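**Student:** What follows is a single structure, and I will ask about it in a moment.
Values quoted throughout were computed directly from the atomic coordinates according to the rules given, and no laboratory measurement underlies them. On a predicted model such as this, the values are computed, not experimentally measured, just so you know. We place every Cβ from the backbone using ideal geometry, glycine too, and count neighbours over all the protein chains shown.
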Amino acid sequence: MTENPAQKYDLLVLGGGVAGCVLAARLSEDPARSVCLVEAGRDHGPRDAGWPAGLLDARSLPREEVWERHAPVHRVRARVIGGSSCVNGCWNTWGTSADHAQWERAGGPAWSAAAMERHRKAAVRQMGLRAVPDGELSAWSRAALTAAGELGYGEVDMGAPGGPGYGTPLLNAVDGLRWNAAFGYLDPARSRPNLTLLGDTAVHRLDVRGGRVHGVRAERDGARLTLTADTYVVACGTFGSPALLLRSGLGPAAHLREAGVRPEVDLPGVGANLTDQPGVFVPLAPTDGLNAALADKEARGELYGNRVLIRAASPYAPDGAWDLHILANAGPPLYGRLPPGRYEAGLSSFLMKPASRGRVRLRSADLADPLDIDPGFFTDPGGQDLAAVRAGLGIVEDLARSAALSPLVRPLEERPSELSDELVRARAGTYWHPVGTCAMGPADDPGAVVDGAGRVRGVSNLRVADASVLPTVPAANTQFPVLATAELLAEAVLRD
Ligand SMILES: Cc1cc2nc3c(=O)[nH]c(=O)nc-3n(C[C@H](O)[C@H](O)[C@H](O)COP(=O)(O)OP(=O)(O)OC[C@H]3O[C@@H](n4cnc5c(N)ncnc54)[C@H](O)[C@@H]3O)c2cc1C
């Protein structure tokens, strides 16, 4: 870690998460360009420098090194170099051609499925994404794959475009080791003299005047710091990026005044359009036989709760696409503990393309004040999101009754597809894939915050380049699309 940061760089990347690691690595490939990556959380150094065991263990979702330890689950986000790739489920899946059509309308031809293919492949290579090894499939996972076939689904490659079907995700994990974006992208770049990595450095705000950024006000070890650059690239994530723009006077003018911030550019879309994927978990009581099989797998160090999914279509999915992920889990519970030899099993219906929108707002201009985050689950006026999740719960019922899975669990005592609206809302959790709060869009879209190259409207030397720019969530887990997005936007920075 650099102890005495220089004051002036060619490029400042703000936020060292998934996108920030890609950007810092790609932008510093030319030794003539000085790049500084600024991250509020710790930089634990290269892979072999002794990272905390909790962040490395791909079998669980750690709650260390996050922004708010005791916040509601939908707010969880990492505060560490590598960002949420250090705390996430290590699943990598790709979306539909309908996703790309939406992005292309918002950002231009660079966002088409064909044009993004090389960025998708670059992310696979650089992160070392790999197929689930056979040994990581439990008796439950194998039965779930068979059950999906029984229901008429065919096997698909989850890491590539295609149609509905069943399969296993690509993993950024090797033998239980979570391989985060700092390992994949930063480690090969750490020794570059033109790249400065500043951990433990929280960005308070950008100093914006006359349509330009003139510097970054940050805090490091309790001391105030000002950093400057020719170009500023914000990659603080779907919650952090709009918050930084808002603290800097870039956002809906009325909200900024309420929060005590002087508006610099009235950008109504900043913090709006929050889109996340809700889902309902249906628990199924494992039989003694399944518990024993899982215990045996655990004793051999090969038990992973979650390795199988189905891409399924509700009646609202575009032709040939899918809008649901049906997950089959069996292993130690995600939260809490069970007695030794006992496990949690279940099936989930996640809505991948919600119509509902939430928002991120400031409570004040103070970075330390928790954000006001409303995921807006199931708020679409037509009730389509509830109906689509229910369609997925119907598939869950069929799977639970299938010849392959039913011998492993006790029969369902309820009909999840008939749950009341209130119960679906109450039981809904998040798939942790928020996007959309600094959405890209065409010049005539009043809600657009950035263009297809990540350039912020009305501020000439400022970009956003992370999950927040995606105007719609893909029908996928978001890490892989965000890696490809950052690859695309890094190229756009270098081109201009
Ligand atoms: C619990 C959990 C499980 C998930 N599981 C999966 C999964 O299995 N598969 C998948 O595809 N996706 C998963 N995701 C989502 C995936 O991790 C995100 O889509 C991805 O990390 C988004 O990348 P990003 O760069 O936009 O944001 P992040 O990776 O969150 O990075 C943002 C970074 O900016 C930093 N930052 C924020 N504000 C400031 C500031 N003011 N100053 C300095 N730094 C700042 C943060 O500390 C953070 O390091 C999961 C997410 C979570 C939280």
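**Student:** Under a 5 Å amide H to amide H cut-off, with H placed in plane at 1.01 Å, what residues pair with residue 477 once short-range neighbours are removed?
**Tutor:** 93
**Student:** Given labels modelled 7 Å from the Cα in the Cβ direction, how far is it in nm from residue 257 to residue 142?
**Tutor:** 6.7 nm
**Student:** What full-extension length gain, to one decimal in nm, is calculated for residue 160 and residue 131 as 0.36 nm per residue of separation minus the Cα-Cα distance?
**Tutor:** 9.2 nm
**Student:** Just to confirm the number: angle between the C-alpha axis of helix 479-495 and the first principal axis of the chain, 0 to 90 degrees, nearest 10?
**Tutor:** 20 degrees
**Student:** Kindly state, to the nearest 0.05, the FRET efficiency for residue 7 paired with residue 49, given R0 = 30 Å and r defined as their beta-carbon distance. Before the final figure, lay out each step's value.
**Tutor:** Details: r = 27 Å, r/R0 = 0.90.
Plugging the Cβ-Cβ distance into 1/(1 + (r/R0)^6) gives 0.65.
**Student:** What Kirkwood Rh does the stretch 72-222 have if only Cα atoms enter the pairwise 1/r average? Answer in Å.
**Tutor:** On the way: mean 1/r = 0.0522 Å⁻¹.
Mean inverse Cα-Cα distance, inverted, gives 19.1 Å.
**Student:** Relative contact order for the stretch 342-455: what is it in percent, counting Cα pairs under 8 Å that are at least 6 residues apart?
**Tutor:** 19 percent
**Student:** DSSP loop trypsin sites (Lys or Arg not before Pro) in the stretch 360-401 with at most 14 other Cβ atoms within 10 Å of their Cβ, which ones?
**Tutor:** Counting only loop positions with at most 14 other Cβ atoms within 10 Å, the trypsin sites (Lys or Arg not before Pro) in the stretch 360-401 are 363, 401.
**Student:** Report, in degrees rounded to the nearest 10, the 0 to 90 angle that the Cα long axis of helix 288-299 makes with the longest principal axis of the chain.
**Tutor:** Between the helix axis and the principal axis of the chain, the angle is about 40 degrees.
**Student:** Let me ask you something else. With +1 on each Lys and Arg Cβ and -1 on each Asp and Glu Cβ, and nothing else charged, work out how big the dipole of the stretch 320-420 is about its Cα centre, in Debye to the nearest 20.
**Tutor:** 200 debye
**Student:** Provide the gained length on full extension for the span residue 33 to residue 207, in nm with one decimal, where the gain is 0.36 nm per separating residue minus the Cα-Cα distance.
**Tutor:** 60.4 nm
**Student:** Hey, how many Å between the Cα centroid of the stretch 464-496 and the Cα centroid of the stretch 146-222?
**Tutor:** Each part reduced to its Cα centre gives a spacing of 10 Å.
**Student:** By how many nm would the segment from residue 427 to residue 200 grow when fully extended, if each residue of separation counts as 0.36 nm and the alpha-carbon distance is taken off?
**Tutor:** Extending this stretch completely gives an extra 78.1 nm.
**Student:** Could you pull out the longest piece of the chain with no exposed loop GluC sites (Glu not before Pro) in it, calling a site exposed if DSSP puts it outside H, G, I, E, B and it has at most 11 other Cβ atoms within 10 Å?
**Tutor:** 4-412
**Student:** Let me spell out the model: positive unit charges on the Cβ of Lys and Arg, negative unit charges on the Cβ of Asp and Glu, origin at the Cα centre of the stretch 175-253. What dipole size does that give, in debye rounded to 20?
**Tutor:** 280 debye
**Student:** Okay, moving on. Sort largest first and round to whole Å: the equivalent ellipsoid semi-axes of the chain, each the square root of five times a Cα gyration tensor eigenvalue.
**Tutor:** 38, 25, 20
**Student:** Quick one: angle between helix 113-127 and the longest Cα principal axis of the chain, in degrees between 0 and 90, rounded to 10, please.
**Tutor:** Helix 113-127 sits at roughly 90 degrees to that axis.
**Student:** Next question. With r as the distance between the Cβ atoms of residue 443 and residue 187 and R0 = 30 Å, compute the FRET efficiency 1/(1 + (r/R0)^6) and round to 0.05.
**Tutor:** 0.15
**Student:** How many percent of the alpha carbon pairs in the stretch 224-322 exceed a separation of 22 Å?
**Tutor:** Everything past 22 Å amounts to 63 percent.
**Student:** Report the trypsin sites (Lys or Arg not before Pro) located in the stretch 246-308 that are in a DSSP loop and have at most 10 other Cβ atoms inside 10 Å of their Cβ, or state none. Working shown, then result.
**Tutor:** Values: sites: 247, 257, 297, 300, 307; in loops: 300.
Sparse-neighbourhood loop trypsin sites (Lys or Arg not before Pro): 300.
**Student:** Between residue 415 and residue 319, with labels modelled 7 Å along Cα→Cβ, what's the label distance in nm to one decimal, could you check?
**Tutor:** 3.2 nm
**Student:** Distance between Cα centroids, the stretch 73-145 to the stretch 414-437: provide it in whole Å.
**Tutor:** 22 Å
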